[in-house]
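Notes to accompany the following structure.
Readers should treat all values here as calculations from the given coordinates under stated rules, not as data from a laboratory. Since the model is a prediction, treat every value here as computed from it, not as a measurement. When we count neighbours, we look across all protein chains shown, and the Cβ atoms used for this are built from the backbone with ideal geometry, even at glycine.
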Amino acid sequence: MKLFCLRSAAALALLGSLAACKGTPPDTVAATPDHSDAALSITNAWIREAPAGAMMLAGYATLHNASATPIECTAVSAADFARVELHQSQMHDGMAKMAALEALMVPANGSATLAPGGNHLMLMHPARALKAGDTSTLTLHCGDHRVDAAFTVRVSP
Ligand SMILES: [Cu+2]
């Protein structure tokens with residue numbers, strides 16, 4: 001669980017006062033590169049733009065497994081967020097609810113999709129304001145695979 005705790009409580013406490021004066025330099029404006037290793041690649045990675053001050057954002061992507069072995073993603077780390085969780089959305093009595101997902105399985109020679117209304121990344125406590133057009137790099141930890149992906153902030157899919 002160490003991966004989930006990249007930032008200290010002290011750093012979080014400072015966010016409110018420091019965010020406006022000294023932010024992370026803007027990421028390069030280049031088109032979203034798809035990062036991959038031989039087996040695992042990530043496409044269509046995006047974060048839904050949220051109102052300023054939102055403490056939680058949602059991230060989506062499609063994970064492709066080009067190998068003959070299933071790949072299980074169990075953790076995500078990020079410099080821009082205090083914590084990232086894998087979530088699933090479920091309907092209960094007509095109400096949409098979210099629950100933590102232990103692992104996301106990417107089938108052999110297949111793909112897994114994180115999309116609105118389904119599985120998603122819950123991005124907690126952003127360290128900087130993220131506006132449409134910005135990118136934020138998340139690192140997916142999937143078994144032996146560790147893949148960086150630049151997520152583009154967008155208003156909608
Ligand atoms: Cu969620």
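Quick notes on this one:
- Hull volume in cubic angstrom per residue (convex hull over the Cα atoms of the range 66-153): 114 Å³
- When peptides 111-117, 90-96, 125-131, 136-142 are sorted by average Cβ neighbour count within 10 Å, with the highest value leading, the order is 136-142, 125-131, 111-117, 90-96.
- Close amide H pairs (under 5 Å, H built 1.01 Å from N) link Gly143 with Glu72, Thr74, residues at least 5 positions away or on another chain.
- Cα gyration tensor shape of the range 44-98, rounded if a/c is under 1.5, else prolate or oblate by comparing a/b with b/c: oblate
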